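Take a look at the structure below.
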Amino acid sequence: MSDATAAADLRTLIDRQGTGNITELVTPGGPVRFTGTHYASRIDGNTVTLAQAEPAPGSTPAPTDDQLASAARHAADLTP
């Protein structure tokens with residue numbers, strides 16, 4: 001973002017459920033549908049990082065909600 005204030009405004013917006021979503025990735029098993037259930041964000045100055053986690057189609061064993069939430073939190077913390 002252009003400055004820390006704009007970054008904070010963006011984070012405030014994206015942290016509200018239903019205000020937008022991450023563009024879905026295409027995986028070999030098909031598209032992953034991001035629901036926003038397992039979501040985390042982080043702000044560092046003028047940089048906003050957001051992450052979501054969902055199981056890949058056909059994942060076995062399927063990850064638990066706690067594992068997915070943890071994956072999103074860890075991904076958000078990996079800001080360079």
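The values are calculated or read from the model by the stated rules, or taken from the named source; none is laboratory data. Everything numeric in this text was worked out from a predicted model, so none of it was measured. Neighbour counts are summed over all protein chains in view; Cβ atoms, including those assigned to glycine, are modelled from backbone coordinates with ideal geometry.
Listed values, structure above:
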| quantity | calculated |
| --- | --- |
| Any hit, the stretch 28-42, residues being out of contact with any strand residue (DSSP E or B) (no Cβ under 8 Å at 6 or more places or on another chain), at pLDDT 80 or above and under 28 Å from Asp3 (Cα atoms) | no |
| Subset of the stretch 53-74 that is modelled with pLDDT under 90 and touching a strand residue (DSSP E or B) at 6+ places or on another chain (Cβ under 7 Å) - its residue that is surrounded by the most Cβ atoms within 10 Å (Cβ to Cβ) | Ala56 |
